[in-house]
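Structure first, commentary second.
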Amino acid sequence: MTIKGQSAAEGKAKHATPYSPEGLCKRCGAKVVWASYVKRTGEKSRAPFDFDPVEKGAYALMKTPSGYVYATFVPKGGDWPPGSLPRQMHFKSCPGATK
């Protein structure tokens, strides 16, 4: 995609920059990590996860060498991927989330 006033090469270069998964929650301002995951229905989606690990988290966040972040659900008693820490979806801890 080219932005008005840019050459096609400049437009491609902007889209080739590494994706930054970190952001801030629009409701409470907390730092979050955006990650892709697969819903129970099999549908792919993206969601914000708390930036800091939590003891009762049920998701392992993994980052590919290209910077892509994805979340894997780990059931109770399941094996955690090496180097991963338990995280939870931000919706569970956000004071501004609708319950």
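Per-structure values
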read-out	value
Residues whose placed amide H lies under 5 Å from that of L85, excluding near-sequence neighbours	L61
Reciprocal mean inverse distance between Cα atoms of the range 19-92 - Kirkwood radius, Å	12.7
Charge tally in the Cβ shell below 11 Å around L85, where Lys, Arg are +1 and Asp, Glu are -1, L85 excluded	-2
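Bear in mind that the values in this text are calculations on the coordinates, not laboratory data. What you are looking at is a predicted structure, and each value in this text was computed from that prediction instead of being measured. Using ideal geometry, Cβ is built from the backbone for each residue, glycine included, and neighbour counts are taken over all protein chains shown.
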